[in-house]
Each structure stands twice: as structure tokens, then as C-alpha cells.
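Take a look at the structure below.
The values are calculated or read from the model by the stated rules, or taken from the named source; none is laboratory data. Predicted, not measured: the structure shown is a model, and the values here were computed from it. In this analysis, Cβ positions are derived from the backbone assuming ideal geometry, glycine residues included, and neighbour counts consider all displayed protein chains.
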Amino acid sequence: MFENEIKNNVLHSYFERLGYQPEEISGYKRFKIFDSYEDELNSLNNGVGLRDISDSGIFQLSGKDSLDYLNRISTNSIKDLGKDNLSRTIFTTEKGKIIDTATILNFEDYQLLICSSFFKNKVKSWIEKYIIIDDVRVVNTKDKYSLLELIGPQVESFMTLVCGGAVDEVEANKFKSIMSEGILFNLARIVDKNGSQKFWILCSPDNSVKLVDFMINNKGIFDFNLIGEDAYNCYRIIKGIPSTPNELNDQFNPHEANLIDLLSSTKGCYIGQEVIARLETYDKVQKYLKGISFDEQVHQNDQLNLFDENGNDAGVVTSVGYSAKCGRHIGLAYIRKSFIESGTRLLAKDGNGNKYKAIVENLPFRK
């Protein structure tokens, strides 16, 4: 069971007034589909999509030691993070397993730490566990903020529509306070290791409703849609984006999850550092996150384990979705090193004895 609880969300109430109906998923009200799964996926791939990710864990850290402390207990270099800069990092156990990923935004006088909704309580407990004499205070912001995520190839042009030329002043992996249409919010531009970018909007819940309402009613020529859980799940599988709790949990390490860009090799020790370093130095990584495609319809109601033709353990499927673009069911899987070559044929089995033919694919999916 995850750590979440149903809570009021101002944006959810707004969406419900528009006629959309949420479902309870993992302890939260979530919208699986807004208008059309196909239209939402098309916006993610060709236009711009808006996700409400306000259920993320958002913690405020303050105190003169907060950045140095985060640097010591997470994988990336955070100590010298500049004002109005952001950085992604990972919290790992003493055995080098993933607790959660997090994004740190430095407001100078304090930092905001944004992690997944699934493990936010675990992250808070983990951070507080090692505070002894450090000047660090951790506060759960609860309903203080809403967090919006905008994704898609039209996203930069669309953000110009929302906030004018101010978007050009927000550099990669930085954020800026913006006033637009009488609405105050923080705009962050997040660029990953592949150069793909997305924008986050962090603001008060009331202002988030005003912003979303403005976007819906002023989208103009843009292929803009609200994005539900189903479409985003397919999108992230195609892109090879690991997510909590499926791929990012304490069963796997950052090397296996292809997150080595979030590991600093120069800053010295952090919790789990010795184990993680040995994995790379001595070539001990046993499995990697890969794509998997199926020849038939797959329902992931139970864990899918992977085997070769001789019945040898080949890995585990962690996420499944249907891609109209690929024309088949696809997924993400942690696959043992002996079987990771693209085109390798495997057999997936669920707990009920159902079997599915599967093929290993490189990430991101190309077709």
C-alpha cells in the first residue's frame, strides 16, 4: 500500500465543474482520460499537453546547512546550486537502491524539494533521519502550492502565449517569478540529458485555476489538451521515462534505471555512494531498463516475469500500455544483461499462468 490519502485539490474541483470525472488511483483522485486518449497522446507527441501534478510531494527546506545537507544525502552535486537554479537528484538507501528522485529549486533563503506523490512521506522521513546537528528544517507545504507540467514540441511557443517574452528569460534548468494576466507564478524550464524540455508552473492553488482556465480558453491554433494518466503512461513508456512506483523504487539502483546523469562522480560521499560506485567500477550492473513489445493484447493485472526459451529468468516487466503509434502493446522492463540486445525474443508470464510473446526494444521506441 502506498503512503497517499485522498485530499481536496482545487484544480480537481475545477475539472469536475467542467464535467470530468476522476477515479481513485493509488489513494488519490486522478483523471485517467479527459476528452480523448488519442487526442491527448497526439498533443504530447505533436502539440502541447498540460498535466496537473499537484499531488507531488513539495517540501520547504530552510537553514544555513540545507544545501550542504542535501548534497551529503543525495546522489547529485547540490551544494553550490545557485539562486533561481534547479537540479535533479536521487535519494538512495545504504545499499544503493532508489528511494525516490527529487528536483531541488533554490530560492536562496530556502529550497523547495519536489518528489513523487507515492513516496513523499518516505522521502521526508529519510531526509529527517540524518539531521543531527545540522541547521536544517523540513516543512511539508501541503496545500500551499499547485504544480503544473507542460510537455510537447509546441510547449515553448505555447508558453509565449501564456506569459509573453518572459519565457525567453528563463534559461535551461532555472526558474523565474512571472506576472502574467494579473497572475503570479514561478516558471521553471527543465531540460534533460537528451535536450528534451518541459516547463513547470508553481503557484498558489487559486492562481493555478486561473492559469488553466486561461489556457483552455485561449489556446488559439495550438494542439493543446489536458492530459490524463492513460495517455501520459503511454507517452512516457515510448520515451523510456522511468516513473514511481513502477520503475523507481527500492528494488532497483540508478545504474539499472539509466539515471547515471544524476550521479556526481566528483563530489565525494553520499548515502549509498560506495555501492553505486562499485557497480560501475567492477561492471556489476546485472540488469537495465529497456523497452519491451508484445505480439498480442496484454493486461498487467499482475506482475509479468520474463523468461527465455529455456525457462531462464530474464527480468520483470514494470509498465505496460497500448501505443497506436507502434500499433501494439509496449512496456518498460528491467532485463538481465544477457538478454538486453534489441530483438531478443522472450516470454512474459503473469501469476495466472498467462503467457505473452515479447521482444526487447531499445529506448526510446522508434516506431
Among the residues of region 291-298, is any surrounded by fewer than 19 Cβ atoms within 10 Å (Cβ to Cβ), at pLDDT 95 or above, among the charged types (D, E, K, R) and under 13 Å from L347 (Cβ atoms)?
no
If you take the residues of region 307-351 that are among the aromatic types (F, W, Y) and over 24 Å from Y235 (Cα atoms), which of them is surrounded by the most Cβ atoms within 10 Å (Cβ to Cβ)?
F339
Can you tell me which residue in region 80-99 is surrounded by the fewest Cβ atoms within 10 Å (Cβ to Cβ), limited to those that are part of a strand (DSSP E or B) and touching a Lys or Arg at 6+ places or on another chain (Cβ under 7 Å)?
N85
Top-ranked residue in region 266-275 [being touching a helix residue (DSSP H, G or I) at 6+ places or on another chain (Cβ under 9 Å) and touching a residue at least 12 places away in the same chain (Cβ under 8 Å); ranked as nearest to L86 (Cα to Cα)]:
K267
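Yes/no per residue for (1) touching a Leu at 6+ places or on another chain (Cβ under 8 Å); (2) within 23 Å of G47 (Cβ to Cβ); (3) in the same structural domain as S77 (by TED's automatic domain parsing):
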site	(1), (2), (3)
R189	no, yes, no
D192	no, yes, no
D206	no, no, no
N217	no, yes, no
D230	no, yes, no
I241	no, yes, no
T244	no, no, no
Q251	no, no, no
P254	yes, no, no
Six or more apart or on different chains, Cβ atoms under 7 Å: show the pairs whose first residue is in region 80-100 and assigned by TED's automatic domain parsing to the domain that holds K124 and among the polar types (S, T, N, Q) and whose second is surrounded by 20 or more Cβ atoms within 10 Å (Cβ to Cβ) and assigned to a strand (DSSP E or B).
N85/N106; S87/I104; T89/A102; T89/I104; T92/I98; T92/I99; T93/I99
So if I check each of N354, N362, which one is surrounded by 13 or more Cβ atoms within 10 Å (Cβ to Cβ), at negative phi and free of Cβ contacts under 8 Å to residues at least 24 places away in the same chain?
N354
Considering region 306-338 alone, what residues qualify as being modelled with pLDDT of 95 or more, assigned to a strand (DSSP E or B) and among the small types (G, A, S)?
A314, G315, S319, G331, A333
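When you scan region 105-156 for strands (runs of 3 or more DSSP E) that lie fully inside it, which ones turn up with 3 or more residues that are touching a helix residue (DSSP H, G or I) at 6+ places or on another chain (Cβ under 7 Å) and touching a residue at least 12 places away in the same chain (Cβ under 8 Å)?
Qualifying strands (runs of 3 or more DSSP E): 146-151.
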Can you name every residue in region 13-31 that is assigned to a strand (DSSP E or B), surrounded by fewer than 16 Cβ atoms within 10 Å (Cβ to Cβ) and without any contact (Cβ under 8 Å) to a residue 40 or more places away in the chain?
E23, E24
